[in-house]
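Asks: Sending over a structure as structure tokens; questions will come in a sec.
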Amino acid sequence: MRILLLGHKGMLGSDLLLKLPKEHEVVGMDKEEIDIVSPDECVKAIKEIEPNIVINAAAYTNVDGCESAKEECFAVNAEAVKNIAQVCRNKNIRIIHFSTDYVFDGTAKQPYKEDDQCNPINAYGESKLAGERYLQSLVDNYVLIRTSWLYGVKGKNFVQTILEKAKTTTTLSVVDDQVGSPTYTKDLAAAVDLLINQNLKGIFHITNRGSCSWYQFAVKILQESGLDDVKVTSIKSDKLPRPAMRPAYSVLSMQKFIAATGKTMQPWQLALQDYLKSIKQLN
């Protein structure tokens, strides 16, 4: 397969770029090479590369920033998806696109399934849902992956933030009333490889196994890093005023992925250990 990987320098894209070339020919393009908001540039890139698959790992992911930069947020997360889909539709090129747990409102009491009703409560979730709808209305040959709480070796993420803050303080305050599934981009990249090789299509929820609050995640990060002298205090979301609301519960059900592939994802606790080993080797 020849794969055009958009956003290959990002946190998820860089892990996809490490994983996929073992079995496929991968051409990476990032914002320096292509403006996916431009329909003409999307046409040009796909015409030149002639991929069998386009993976869109490019996104505007600053959740709070989306509230004040809605135009840019919707351009990248929705209009660009429309551009890619319109080009791929005519050539029957498969699209793999990533969305988010934030398309849900967080009122559920059990993990969200792929066909559960979407009802985003922030601009980021709204923009990602708009992108989903463009994809589904324009093409049939797609894989839409919803994932959550991503962290990886490249790019800013929660694990990195906690470790950085732990260098300069002995007390951290972290919210305990938002529950989700932390997901290591290296594990997500392996799952994408599996979906490609099994030629699967449709919507899939993919995260590391299990769930926790941000508070529980922070405690585990410090514990696994040997930073037991840093105390973590749990607080409620309303004590941490931020521009964007977050869903209180956004755990995604993995039942469909497991049934389709015969595989499951490793627990988030083990994924975190793998990540911490990786960044230790790099430093």
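Asks: Among the residues of the stretch 118-143, write down those that are in contact with a Phe, Trp or Tyr (Cβ under 8 Å, 6 or more places away or on another chain) and farther than 23 Å from ALA248 by Cα.
Replies: LEU135, GLN136, VAL143
Asks: Taking the options ASP176, ASP187, ASP116, name whichever one is within 18 Å of ASN56 (Cα to Cα) and modelled with pLDDT of 95 or more.
Replies: Going through ASP176, ASP187, ASP116 in turn, just one is within 18 Å of ASN56 (Cα to Cα) and modelled with pLDDT of 95 or more: ASP187.
Asks: I'm checking my understanding of the structure. Among residues of the stretch 190-207 that are in contact with a helix residue (DSSP H, G or I) (Cβ under 9 Å, 6 or more places away or on another chain) and polar (S, T, N, Q), which one is farthest from MET265 (Cα to Cα)?
Replies: Out of the qualifying residues, it is GLN198.
Asks: Here's a follow-up. For GLU126, only one of the following conditions fails: (1) in contact with a Pro (Cβ under 8 Å, 6 or more places away or on another chain); (2) not in a helix (DSSP H, G or I). What is its number?
Replies: All conditions pass for GLU126, except number (2).
Asks: Being within 20 Å of GLY262 (Cβ to Cβ), among the β-branched types (Val, Ile, Thr) and buried (at least 19 other Cβ atoms within 10 Å of the Cβ) is the requirement here; does VAL192 meet it?
Replies: When the stated conditions are applied, VAL192 passes them.
Asks: Any residue at all in the stretch 210-218 that is part of a loop (DSSP other than H, G, I, E, B), under 19 Å from HIS97 (Cα atoms) and at pLDDT 95 or above?
Replies: No, every residue in the stretch 210-218 fails to be part of a loop (DSSP other than H, G, I, E, B), under 19 Å from HIS97 (Cα atoms) and at pLDDT 95 or above.
Asks: Which of the residues spanning the stretch 28-57 are farther than 15 Å from VAL87 by Cβ and either of a type in the set (Gly, Ala, Ser) or in contact with a helix residue (DSSP H, G or I) (Cβ under 9 Å, 6 or more places away or on another chain) (or both)?
Replies: The answer is GLY28, ASP30, GLU33, ALA57.
Results for (1) out of contact with any strand residue (DSSP E or B) (no Cβ under 8 Å at 6 or more places or on another chain); (2) closer than 17 Å to LEU144 by Cβ; (3) among the charged types (D, E, K, R), shown as yes or no for each residue.
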site: GLU71; (1), (2), (3): yes, no, yes
site: VAL76; (1), (2), (3): yes, yes, no
site: ASN83; (1), (2), (3): yes, yes, no
site: ALA108; (1), (2), (3): no, no, no
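Asks: Still on this structure: What single numbered condition from (1) part of a loop (DSSP other than H, G, I, E, B); (2) within 25 Å of LYS156 (Cα to Cα) fails to hold for PRO51?
Replies: Failed condition: (2).
Asks: Kindly indicate whether ASN52 is under 21 Å from ALA189 (Cβ atoms), without any contact (Cβ under 8 Å) to a residue 60 or more places away in the chain and not aliphatic (A, V, I, L, M).
Replies: Working: under 21 Å from ALA189 (Cβ atoms): yes; without any contact (Cβ under 8 Å) to a residue 60 or more places away in the chain: yes; not aliphatic (A, V, I, L, M): yes.
Considered against the rule, which asks whether it is under 21 Å from ALA189 (Cβ atoms), without any contact (Cβ under 8 Å) to a residue 60 or more places away in the chain and not aliphatic (A, V, I, L, M), ASN52 comes out as yes.
The values are calculated or read from the model by the stated rules, or taken from the named source; none is laboratory data. Please read these numbers as outputs of a predicted model, since none were measured by experiment. Heads up, the Cβs are rebuilt from the backbone with ideal geometry, glycines too, and the neighbour counts pull from every protein chain shown.
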